[in-house]
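The values are calculated or read from the model by the stated rules, or taken from the named source; none is laboratory data. Just so it is clear, the structure is predicted and the values come from calculations on it, not from any experiment. Don't worry about glycine lacking a Cβ; one is built from the backbone with ideal geometry, like all the others, and counts go over all protein chains shown. Remember, those area values only see protein heavy atoms, side chains included, never the ligands or the DNA or RNA. Shrake-Rupley method; radii C 1.70, N 1.55, O 1.52, S 1.80 Å.
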Amino acid sequence: MRLRIRTITARHSLHNIHNNRYDHSHYVHSDARAISRTTNTIPHHCNHNHHYYLHLLRSCKYLNPLLQIHARLIVQQCTLAPNSITNPSLILWNSLIRAYSRLHLFQEAIKSYQTMSYMGLEPDKYTFTFVLKACTGALDFHEGVAIHQDIASRELECDVFIGTGLVDMYCKMGHLDNARKVFDKMPGKDVASWNAMISGLSQSSNPCEALEIFQRMQMEEGVEPDSVSILNLAPAVSRLEDVDSCKSIHGYVVRRCVFGVVSNSLIDMYSKCGEVKLAHQIFDQMWVKDDISWATMMAGYVHHGCYFEVLQLLDEMKRKHIKMNKISVVNSVLAATETRDLEKGKEVHNYALQLGMTSDIVVATPIVSMYAKCGELKKAKEFFLSLEGRDLVVWSAFLSALVQAGYPGEALSIFQEMQHEGLKPDKTILSSLVSACAEISSSRLGKMMHCYVIKADMGSDISVATTLVSMYTRCKSFMYAMTLFNRMHYKDVVAWNTLINGFTKCGDPRLALEMFLRLQLSGVQPDSGTMVSLLSACALLDDLYLGICFHGNIIKNGIESEMHVKVALIDMYAKCGSLCTAENLFHLNKHVKDEVSWNVMIAGYLHNGCANEAISTFNQMKLESVRPNLVTFVTILPAVSYLSILREAMAFHACIIRMGFISSTLIGNSLIDMYAKSGQLSYSEKCFHEMENKGTISWNAMLSGYAMHGQGEVALALFSLMQETHVPVDSVSYISVLSACRHAGLIQEGRNIFQSMTEKHNLEPSMEHYACMVDLLGCAGLFDEVLCLIDKMPTEPDAQVWGALLGACKMHSNVKLGEIALHHLLKLEPRNAVHYIVLSDIYAQCGRWIDARRTRSNMTDHGLKKNPGYSWVGAHKQGLSLSGK
């Protein structure tokens, strides 16, 4: 047996090196991989069992597993019976080094080379080729450089096999300059040499160079690319999202009939380049689809948010009994998570358990996240705690999953358990926990985490400091945010953007603009993220002129083509009332519109009261085969509410069920509100009771529905149940229940509820709560109590409060108080004509026609006229709730 192995090795060494240097073994058939794995785990008692090896050899249908068995035989012969080998030849040492490399025992291969050198045996070019592969596999740069020096001293650098091995080694270790020097020195390069260089450049910071090398190999050197060339080039094309290059490569594949594993790369490239339909066409046209093909198509769909299609592929794989690999499992779990399809998620989890994949963190993390996001927090925690050998990576993944799933409180609790296990958090975990504090708007816990950051000596880390600034702005602790920001030694554009965005969303957009001026003075160059935040500030300020100025700045800096900038521009113009400009920008993106663009346009129409146009845009979105996502439905349902068309409401409800979004709490909340505003309170109740994960907003939506339908007693009962079941009560809950009391005329109940705000829940009443009480008491004619309440307010009443009093005065024809209310309203809203009209109506009710005419005349003299729409008072005339619902 020993002689036969030597003969095979000597005869075929060069041939095998050439053909298998850069093979993509992960693309071979699953049976071959199974055999390959078996050869690495042959039981000890089978080491000399010739029948066992004969059985394995007969089962081999592919080259790789055969080479694995060959390698195992060599290693066993040399390690189990070393005494039988006297004065091993160079051929045997080469065979042993290569065998160790094939079995991924790279350090053993390097040690064998060192032992051989120590014994004084001269290596040849085959030795260097094999040991370079071992250094590459072990990522042993120091040893690789030492071997390179030995190669150079023997003037073997120009050998095509050794040179290619050096290029491959340097590329895979990230030393592209060294790789390029060796590559340029090589006088004769074969296709494997070019492939090694293409592979390295594809993963580099400048993937364009990979495309240049690929063209040069054909145009200047006349070397014909093979399937490995295309596989190695694929990451560069994908990273560049270069559709034209992708199509060119596709054309080459068709002309040369280089299909097979290249088809999987084409699917991946088209998906990453935004052409998921073309990717699916290639997938459908493949005669033979392996598990890699299915996994690649799934990954492409997930990349584009086509989660429903992923689950369809999953069902098809089950019907065809196709074995899933790790990538398929991960993408199926992600799809189940995003569609909140718990049953599908459990099904994939069970499958992963059967295959023994769940111990892999790459698989376990999305499964934990799936359970958390589907509301199965207990299951998520149980599965997480069942994982053995939990390290910082696993803890970090679980904590991030909890925060993203909307359980920041639980994440902070789990962090305490992590500390009990003696693990110290890294900056990734601390950033997740700080984000958790921001999610629950707890500046107290945020400050605790800040102290922990300082104690762990990570306060100077720019990413952690930026996360803390974001947390303080989201908790509206602007003084702390500014103090921390000013203390940062180095502020990059991300830090500036965090503060600007924080002030825009949670504070004062004017302050965000001031921060932008400071950014410009600091010398830091604003990026597209800065401009997106500034456009949002313009939208909040309703400042179209400033928005146009920023648009000019965007064009000047050449960032208008970036999708998130285009979306921000459409949003700004729509919210600033320039709907035509928003439409023009939207239609300019005809070929690259994603679901985010459509969502913003739908929201823009709704913001401008164009509910019919919003629904038409939604229908057009579906006609153009853009799949609506969860945000689309949350955006469009208020348009249906606005029109109060039951048939449309039910059609959208059916569409939501079909697309698998019905389990979403956000969708459930929107459906409750939609049916209530469409006059179908019973449907609202049904949606509410069927919701599995009801939050405070869900209860508030139902309370608001009862309020607008005058169901005061039922609203009070629901409010009591809300407290009994320990659902957190917020200020919106109180607005809704006080509105219900107002509509039902429940005076004493309203008083008790208003009083319980501070006494029971420690909530300070806002102007809206005071306005509710003024409305409630004023409609009952209790004007003395109203004046007493206004007098006790901690701050000056605003237009809501005086408007409520003016509305009550009209109801009871109270001229004296009506004049007082109007006096205050004219100071606060001098340009609002509605206030004059209401007082004029009060005068008319009392028969004071001269005063009525004089009030109307004053309105005209001031150049005021009543605009269409509802004022706060007008809303009450129509019986709408104060919350605007």
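Is it true that some residue in the stretch 368-384 is farther than 25 Å from Ser664 by Cα, surrounded by fewer than 22 Cβ atoms within 10 Å (Cβ to Cβ) and over 23 Å from the mean Cα position of the chain (by Cα)? First the steps, then the outcome.
So in the stretch 368-384, the residues farther than 25 Å from Ser664 by Cα come out as none.
No: the stretch 368-384 contains no residue that is farther than 25 Å from Ser664 by Cα, surrounded by fewer than 22 Cβ atoms within 10 Å (Cβ to Cβ) and over 23 Å from the mean Cα position of the chain (by Cα).
Could you give every pair whose Cβ atoms fall below 7 Å, whose first residue belongs to the stretch 460-472 and is over 16 Å from Ala436 (Cα atoms), and whose second residue is among the hydrophobic types (A, V, I, L, M, F, W, C), counting only separations of at least 6 or pairs across chains?
Ile462/Ala495
Give me the helices (runs of 4 or more DSSP H) completely within the stretch 293-358, filtered to those with at least 2 residues that are under 21 Å from Ser263 (Cβ atoms) and open to solvent by less than 70 Å² (accessible area, probe 1.4 Å), ordered by residue number. I'd like the intermediate steps shown before the answer.
Numbers: elements: 307-319, 326-338, 342-354.
Result: 307-319, 326-338.
Check whether at least one residue in the stretch 217-240 is within 24 Å of His303 (Cβ to Cβ), in contact with a helix residue (DSSP H, G or I) (Cβ under 9 Å, 6 or more places away or on another chain) and assigned to a loop (DSSP other than H, G, I, E, B), and report yes or no.
No, the stretch 217-240 contains no residue that is within 24 Å of His303 (Cβ to Cβ), in contact with a helix residue (DSSP H, G or I) (Cβ under 9 Å, 6 or more places away or on another chain) and assigned to a loop (DSSP other than H, G, I, E, B).
Please go through (1) at pLDDT 90 or above; (2) surrounded by fewer than 20 Cβ atoms within 10 Å (Cβ to Cβ) for Thr530 and return the number of the only condition it doesn't satisfy.
Result: Thr530 passes all but (2).
Just wondering, is there one or more residues in the stretch 679-700 that are within 17 Å of Leu746 (Cβ to Cβ), open to solvent by less than 30 Å² (accessible area, probe 1.4 Å) and in contact with a Phe, Trp or Tyr (Cβ under 7 Å, 6 or more places away or on another chain)?
First, the residues of the stretch 679-700 that are within 17 Å of Leu746 (Cβ to Cβ): none.
No; the residues of the stretch 679-700 include none that is within 17 Å of Leu746 (Cβ to Cβ), open to solvent by less than 30 Å² (accessible area, probe 1.4 Å) and in contact with a Phe, Trp or Tyr (Cβ under 7 Å, 6 or more places away or on another chain).
Just checking, does the stretch 406-413 include any residue being among the aliphatic types (A, V, I, L, M), under 16 Å from the mean Cα position of the chain (by Cα) and modelled with pLDDT under 80? Break it down into steps so the answer makes sense when it comes.
At the first step, the residues of the stretch 406-413 found to be among the aliphatic types (A, V, I, L, M) are 411-412.
Of the ones still in play, those that are also under 16 Å from the mean Cα position of the chain (by Cα) are none.
No: zero hits.
Out of all the residues in the stretch 759-788, which are more than 16 Å from Ser731 (Cβ to Cβ) and open to solvent by 50 Å² or more (accessible area, probe 1.4 Å)?
If we filter the stretch 759-788 for residues that are more than 16 Å from Ser731 (Cβ to Cβ), which is where we start, we get 774-788.
Within the stretch 759-788, Leu782, Asp784, Glu785, Leu787, Cys788 qualify.
Please state which one of Ser756, Ser736 is surrounded by 14 or more Cβ atoms within 10 Å (Cβ to Cβ), more than 35 Å from the chain's Cα centre (by Cα) and hydroxyl-bearing (Ser, Thr, Tyr).
On the way: Ser736 fails: more than 35 Å from the chain's Cα centre (by Cα).
Unique residue meeting the criteria: Ser756.
With the structure loaded, tell me whether Ser682 is in contact (Cβ under 8 Å) with a residue 12 or more places away in the chain, more than 26 Å from Cys306 (Cβ to Cβ), in a helix (DSSP H, G or I) and of a type outside the set (A, V, I, L, M, F, W, C) or whether it fails that test. Talk me through it step by step, then tell me what you get.
On the way: in contact (Cβ under 8 Å) with a residue 12 or more places away in the chain: no; more than 26 Å from Cys306 (Cβ to Cβ): yes; in a helix (DSSP H, G or I): yes; of a type outside the set (A, V, I, L, M, F, W, C): yes.
The answer is no for Ser682.
Quick check on my filter: what residues within the stretch 489-520 are of a type in the set (Ser, Thr, Tyr) and surrounded by fewer than 22 Cβ atoms within 10 Å (Cβ to Cβ)? Let's see the steps before the verdict.
In the first step, residues of the stretch 489-520 are kept if they are of a type in the set (Ser, Thr, Tyr); the result is 490, 498, 504.
Across the stretch 489-520, the qualifying residue is only Tyr490.
Exactly one condition in (1) out of contact with any Asp or Glu (no Cβ under 6 Å at 6 or more places or on another chain); (2) open to solvent by 70 Å² or more (accessible area, probe 1.4 Å); (3) touching a residue at least 24 places away in the same chain (Cβ under 8 Å); (4) not aromatic (Phe, Trp, Tyr) is false for Asn486; which is it?
(3)
Grab the helices (runs of 4 or more DSSP H) fully contained in the stretch 106-167, keeping just those with 3 or more residues being of a type in the set (S, T, N, Q) and surrounded by 20 or more Cβ atoms within 10 Å (Cβ to Cβ). Talk me through it step by step, then tell me what you get.
On the way: elements: 106-118, 125-138, 141-153.
Helices (runs of 4 or more DSSP H) meeting the threshold: 125-138.
Can you work out which of the residues in the stretch 168-191 that are at negative phi and assigned to a loop (DSSP other than H, G, I, E, B) is surrounded by the fewest Cβ atoms within 10 Å (Cβ to Cβ)?
Residues of the stretch 168-191 at negative phi: 168-173, 175-191.
Those left that are additionally assigned to a loop (DSSP other than H, G, I, E, B): 173, 175, 186-190.
Values: Met173: 18, His175: 16, Met186: 19, Pro187: 7, Gly188: 10, Lys189: 20, Asp190: 15.
For the stretch 168-191, the residue satisfying everything is Pro187.
Being part of a helix (DSSP H, G or I) and β-branched (Val, Ile, Thr) is the filter; apply it to the stretch 783-834 and report the residue that is farthest from Arg848 (Cα to Cα).
In the first step, residues of the stretch 783-834 are kept if they are part of a helix (DSSP H, G or I); the result is 783-791, 799-812, 815-828, 833-834.
Going one step further and asking which of them are β-branched (Val, Ile, Thr), we end up with 786, 790, 801, 815, 820, 834.
Values: Val786: 25, Ile790: 28, Val801: 26, Val815: 10, Ile820: 17, Val834: 19 Å.
Once the filter is applied, the top-ranked residue is Ile790.
A quick yes/no check of all residues on (1) open to solvent by less than 50 Å² (accessible area, probe 1.4 Å); (2) out of contact with any helix residue (DSSP H, G or I) (no Cβ under 7 Å at 6 or more places or on another chain); (3) of a type outside the set (Val, Ile, Thr); (4) not in a loop (DSSP other than H, G, I, E, B):
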position: Asn619; (1), (2), (3), (4): no, yes, yes, yes
position: Arg627; (1), (2), (3), (4): no, no, yes, no
position: Val631; (1), (2), (3), (4): no, no, no, yes
position: Ala651; (1), (2), (3), (4): no, yes, yes, yes
position: Cys655; (1), (2), (3), (4): yes, yes, yes, yes
position: Ser663; (1), (2), (3), (4): no, yes, yes, no
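Mind counting the residues in the stretch 528-568 that are assigned to a loop (DSSP other than H, G, I, E, B) and closer than 21 Å to Asn589 by Cα?
Qualifying residue count for the region: 6.
Under the condition of being over 32 Å from the mean Cα position of the chain (by Cα) and more than 16 Å from Arg256 (Cβ to Cβ), which residue from the stretch 195-214 is most open to solvent (accessible area, probe 1.4 Å)? Before the answer, list the steps.
Kept after step one, since they are over 32 Å from the mean Cα position of the chain (by Cα), are these residues of the stretch 195-214: 195-197, 212-214.
Filter again for more than 16 Å from Arg256 (Cβ to Cβ), leaving 196-197, 212-213.
Working: Ala196: 3, Met197: 0, Glu212: 113, Ile213: 5 Å².
Among them, the one singled out is Glu212.
So how many residues does the stretch 256-310 have that are among the aliphatic types (A, V, I, L, M) and in contact (Cβ under 8 Å) with a residue 60 or more places away in the chain? Walk me through it before giving the result.
We begin by selecting, within the stretch 256-310, every residue among the aliphatic types (A, V, I, L, M); these are 258, 261-262, 266-267, 269, 276, 278-279, 282, 286, 288, 292, 295, 297-299, 302, 310.
With the extra rule that they be in contact (Cβ under 8 Å) with a residue 60 or more places away in the chain, the set shrinks to 261, 292.
Residues meeting the conditions: 2.
As an exercise: evaluate Met418 against (1) open to solvent by 20 Å² or more (accessible area, probe 1.4 Å); (2) more than 15 Å from Met370 (Cα to Cα) and give the number of the one condition it does not meet.
(1)
Give me the residue from the stretch 569-615 that is small (Gly, Ala, Ser) and either open to solvent by 10 Å² or more (accessible area, probe 1.4 Å) or in a loop (DSSP other than H, G, I, E, B) (or both) and, out of that set, nearest to Gly552 (Cα to Cα). Walk me through how you get there before you give the answer.
So in the stretch 569-615, the residues small (Gly, Ala, Ser) come out as 574, 577-578, 582, 597, 603-604, 609, 611, 614.
Still in the list and also either open to solvent by 10 Å² or more (accessible area, probe 1.4 Å) or in a loop (DSSP other than H, G, I, E, B) (or both): 577-578, 603, 609.
On the way: Gly577: 18, Ser578: 16, Ala603: 24, Gly609: 28 Å.
My answer is Ser578.
For the stretch 739-753, enumerate the residues that are polar (S, T, N, Q), loosely packed, with under 15 Cβ neighbours inside 10 Å and within 19 Å of Gly710 (Cβ to Cβ). Quick ask: steps written out before the conclusion?
Keep residues of the stretch 739-753 that are polar (S, T, N, Q), which gives 739, 748, 752.
Checking which are loosely packed, with under 15 Cβ neighbours inside 10 Å leaves us with 748, 752.
Passing the criteria: only Gln748.
Is it true that some residue in the stretch 224-231 is in contact with a Lys or Arg (Cβ under 7 Å, 6 or more places away or on another chain) and crowded, with 16+ Cβ neighbours inside 10 Å? Let's see the steps before the verdict.
Let us first name the residues in the stretch 224-231 that are in contact with a Lys or Arg (Cβ under 7 Å, 6 or more places away or on another chain), namely none.
Within the stretch 224-231 (the criterion being in contact with a Lys or Arg (Cβ under 7 Å, 6 or more places away or on another chain) and crowded, with 16+ Cβ neighbours inside 10 Å), the answer is no, since none of the residues qualifies.
Any residue in the stretch 441-458 that is surrounded by fewer than 17 Cβ atoms within 10 Å (Cβ to Cβ) and either in contact with a strand residue (DSSP E or B) (Cβ under 7 Å, 6 or more places away or on another chain) or closer than 30 Å to Arg340 by Cα (or both)?
Looking through the stretch 441-458, at least one residue is surrounded by fewer than 17 Cβ atoms within 10 Å (Cβ to Cβ) and either in contact with a strand residue (DSSP E or B) (Cβ under 7 Å, 6 or more places away or on another chain) or closer than 30 Å to Arg340 by Cα (or both).
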